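**Student:** Handing you this structure, nothing more for now.
The values are calculated or read from the model by the stated rules, or taken from the named source; none is laboratory data. The structure presented is a predicted model; accordingly, all values stated were derived computationally and were not measured. Here the Cβ positions follow ideal geometry from the backbone for every residue, glycine too, while neighbour counts run over all protein chains shown.
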Amino acid sequence: MTIAHSLSRLGTETAFEVLARAKALEAQGRDMIHLQIGEPDFDTPSHVVEAGCKALRDGYTHYCPAPGIPALREAAADYLSRTRSITVDPGRVLIAPGAKPFLFFGVLATCNPGDEVIYPNPGFPIYESVIRWAGATPVALPLLESNGFAFRVEDLAERLTPKTKLVILNSPANPTGGVVPREVNVEVAKLLADHDCYILTDEVYSEMVYDGEHDSIASHGDLLDRTILLEGFSKTFAMTGWRLGYAAMPPELVEPVTRLFINCHSCTPPAYQMAGVAALTGPMDEVRAMIEEFRARRTLVVDGLNALPGVSCIEPKGAFYAFPNISETGLSARDLQNQLLEDAGVAMLAGTAFGEHGEGYMRVSYANSPANITAALGKMRELLERVPV
Ligand SMILES: Cc1ncc(COP(=O)(O)O)c(C=O)c1O
């Protein structure tokens, strides 16, 4: 028997493979420090957990409307309107089990074979995977260290063609921690005003900006009507396992994407949606405390990495990742990933897990305790001091 040919076009997320290998080594009795993780090591705020439990007890245990329950669509529309200084109608907001489904369904709903999709590279690996799955052509927009891991408007302009159907943007970014500055967004909005394409702006790390305020491309110009503005609960509210995300959609995509939902997951668990309402409308003090802790760890990680032989690291402006340059170690990113995992007991991801422009870099997640981060940096030092440069 053979599996479908189309699956050869579907990629994956190396993070899950590295996690599996790290767990296998742990099962053999090896110590492992996990810096490969893309999720906050904090608990979901207690009032959110309580709202989810209450909803279960109150009978939110059945199917619900496929686009999402009205209370959450309204809360999400209000949050997006407030935080982006725009007006989002709740009728445009869809709720899904995570932000990820919007990447999958957003690309499927907009792209035909032969269309071009511009996407950040290094970037979240699912972008390139779903572009290929849709039969569209991925066009990498390089995010360079020399540019603070943002992109230059000229680089975007050069890649726009009459075939460009969708432009995917991500700020703050995974894996680099880069943030697109407001002045760049202003220019991007002007550039895209003249191009007939959709925009998918992935802003799941929007609350994790360390210098200044988050800026959304959707806040500039007149792009909202062709923008999928993507947000989630996984990162901001430490809710990765709840599987809950939302997006404001261009009006004509609301029905087709809902139809994709109906064909796939039917609806998003309503009790979890009630927890989402509590998250978006309740106190933010636990979230703020988590972000302050990330800010302190950022300094620990960046200073520690810069003190390692052959490693240099610019300060990430957002999310909870550092993206150190390891090219002076003489090792490829993949080799360093493997040696750290197998020999040093430190799990972190090669930059190439996020695309070809990630060669020469590693992604270090600082969603781990300061003690573990310090121990991991020590193990990295021991390994790098053994590597002949
Ligand atoms: C940039 C980016 N977008 C989307 C997602 C998916 O988030 P969710 O857990 O809400 O599906 C992630 C998760 O790592 C991410 O890093």
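**Student:** Could you check, for the stretch 290-298, whether at least one of its residues is among the aliphatic types (A, V, I, L, M), assigned by TED's automatic domain parsing to the domain that holds L25, under 19 Å from the mean Cα position of the chain (by Cα) and surrounded by fewer than 21 Cβ atoms within 10 Å (Cβ to Cβ)?
**Tutor:** Start the filter on the stretch 290-298 by keeping residues that are among the aliphatic types (A, V, I, L, M), which leaves 290-291, 296.
Subsequent filtering for residues that are assigned by TED's automatic domain parsing to the domain that holds L25 retains 290-291, 296.
Subset that is under 19 Å from the mean Cα position of the chain (by Cα): 290-291.
From what's left, surrounded by fewer than 21 Cβ atoms within 10 Å (Cβ to Cβ): 291.
Yes, there is a match, as at least one residue in the stretch 290-298 is among the aliphatic types (A, V, I, L, M), assigned by TED's automatic domain parsing to the domain that holds L25, under 19 Å from the mean Cα position of the chain (by Cα) and surrounded by fewer than 21 Cβ atoms within 10 Å (Cβ to Cβ).
**Student:** Another one. Across the stretch 157-207, what is the number of residues that are farther than 21 Å from T240 by Cα and among the polar types (S, T, N, Q)?
**Tutor:** 3
**Student:** Hey, can you tell me all the residues within the stretch 317-352 that are among the hydrophobic types (A, V, I, L, M, F, W, C) and over 24 Å from F42 (Cβ atoms)? Don't jump to the end; show me each part of the working.
**Tutor:** Kept after step one, since they are among the hydrophobic types (A, V, I, L, M, F, W, C), are these residues of the stretch 317-352: 319-320, 322-323, 326, 331, 333, 336, 340-341, 344, 346-350.
I326, L331, A333, L336, L340, L341, A344, A350 - these are the residues of the stretch 317-352 that are among the hydrophobic types (A, V, I, L, M, F, W, C) and over 24 Å from F42 (Cβ atoms).
**Student:** It is to be established whether one or more residues within the stretch 180-203 are part of a helix (DSSP H, G or I), within 16 Å of the ligand (Cβ to nearest atom), buried (at least 20 other Cβ atoms within 10 Å of the Cβ) and touching a residue at least 12 places away in the same chain (Cβ under 8 Å). Even if it seems obvious, please write down each step before you answer.
**Tutor:** Step one: of the stretch 180-203, the residues part of a helix (DSSP H, G or I) are 182-193.
Of the ones still in play, those that are also within 16 Å of the ligand (Cβ to nearest atom) are none.
Within the stretch 180-203, not a single residue is part of a helix (DSSP H, G or I), within 16 Å of the ligand (Cβ to nearest atom), buried (at least 20 other Cβ atoms within 10 Å of the Cβ) and touching a residue at least 12 places away in the same chain (Cβ under 8 Å).
**Student:** Kindly list the number of the only condition in (1) in contact with a helix residue (DSSP H, G or I) (Cβ under 9 Å, 6 or more places away or on another chain); (2) surrounded by fewer than 22 Cβ atoms within 10 Å (Cβ to Cβ) that fails for N306.
**Tutor:** (1)
**Student:** List the pairs whose first member sits in the stretch 12-33 and is closer than 17 Å to L336 by Cβ and not assigned by TED's automatic domain parsing to the domain that holds T374, whose second member is acidic (D, E) and modelled with pLDDT of 95 or more, and whose Cβ atoms are under 6 Å apart, counting only residues at least 6 apart or on separate chains?
**Tutor:** Going by the 6 Å Cβ cut-off, there are no qualifying pairs.
**Student:** While we're on this one: Is at least one residue of the stretch 56-75 surrounded by fewer than 21 Cβ atoms within 10 Å (Cβ to Cβ), of a type in the set (A, V, I, L, M, F, W, C) and within 22 Å of the chain's Cα centre (by Cα)?
**Tutor:** For the stretch 56-75, residues surrounded by fewer than 21 Cβ atoms within 10 Å (Cβ to Cβ), of a type in the set (A, V, I, L, M, F, W, C) and within 22 Å of the chain's Cα centre (by Cα): absent.
**Student:** Now for a different question. For A134, are the conditions met, namely being assigned by TED's automatic domain parsing to the domain that holds N185, over 19 Å from the mean Cα position of the chain (by Cα) and away from the ligand (no atom under 11 Å from the Cβ)? Write out each step before concluding.
**Tutor:** Details: assigned by TED's automatic domain parsing to the domain that holds N185: yes; over 19 Å from the mean Cα position of the chain (by Cα): yes; away from the ligand (no atom under 11 Å from the Cβ): yes.
Spelling it out, A134 is indeed assigned by TED's automatic domain parsing to the domain that holds N185, over 19 Å from the mean Cα position of the chain (by Cα) and away from the ligand (no atom under 11 Å from the Cβ).
**Student:** Restricted to the stretch 221-277, and to residues that are more than 16 Å from the ligand (Cβ to nearest atom) and of a type in the set (K, R), which residue is surrounded by the fewest Cβ atoms within 10 Å (Cβ to Cβ)?
**Tutor:** Of everything passing the filter in the stretch 221-277, R259 is surrounded by the fewest Cβ atoms within 10 Å (Cβ to Cβ).
**Student:** Collect the residues in the stretch 74-107 that are assigned to a helix (DSSP H, G or I) and more than 16 Å from the ligand (Cβ to nearest atom), keeping them in residue-number order.
**Tutor:** First pass over the stretch 74-107, keeping only residues assigned to a helix (DSSP H, G or I): 74-84, 90-92, 100-107.
E74, A75, A77, D78, S81, R82, T83, R84, P90, G91, R92, listed by residue number.
**Student:** Let me ask something else. Do you know which of the residues in the stretch 163-179 that are within 11 Å of the ligand (Cβ to nearest atom) and within 24 Å of F105 (Cα to Cα) is surrounded by the most Cβ atoms within 10 Å (Cβ to Cβ)?
**Tutor:** P175
**Student:** Based on this model, can you work out whether L19 counts as farther than 30 Å from A344 by Cα, outside any loop (DSSP other than H, G, I, E, B) and within 15 Å of the ligand (Cβ to nearest atom)? Quick ask: steps written out before the conclusion?
**Tutor:** Working: farther than 30 Å from A344 by Cα: no; outside any loop (DSSP other than H, G, I, E, B): yes; within 15 Å of the ligand (Cβ to nearest atom): yes.
Taking the combined requirement at face value, the residue does not satisfy it.
**Student:** Can you find even one residue in the stretch 307-326 that is more than 30 Å from D58 (Cβ to Cβ), in the same structural domain as A24 (by TED's automatic domain parsing) and assigned to a helix (DSSP H, G or I)? Before the answer, list the steps.
**Tutor:** Initial filter on the stretch 307-326 (more than 30 Å from D58 (Cβ to Cβ)): 307-326.
Filter once more, so that each one left must be in the same structural domain as A24 (by TED's automatic domain parsing): 307-326.
Those still in the list that are assigned to a helix (DSSP H, G or I) too: none.
No.
**Student:** Could you run through the stretch 359-386 and say how many residues are in contact with a Phe, Trp or Tyr (Cβ under 8 Å, 6 or more places away or on another chain) and either closer than 19 Å to P142 by Cα or not assigned by TED's automatic domain parsing to the domain that holds M290 (or both)? Talk me through it step by step, then tell me what you get.
**Tutor:** Going through the stretch 359-386, the residues in contact with a Phe, Trp or Tyr (Cβ under 8 Å, 6 or more places away or on another chain) turn out to be 361-367, 373.
Then keep just the ones that are either closer than 19 Å to P142 by Cα or not assigned by TED's automatic domain parsing to the domain that holds M290 (or both); that gives 361-363.
Number of matching residues: 3.
**Student:** Among the residues of the stretch 98-155, which ones are basic (K, R) and either surrounded by 21 or more Cβ atoms within 10 Å (Cβ to Cβ) or free of Cβ contacts under 8 Å to residues at least 40 places away in the same chain (or both)? Give the steps one after another, and end with the answer.
**Tutor:** Narrowing the stretch 98-155 to residues basic (K, R): 100, 132, 152.
Scanning the stretch 98-155 gives a single hit, R152.
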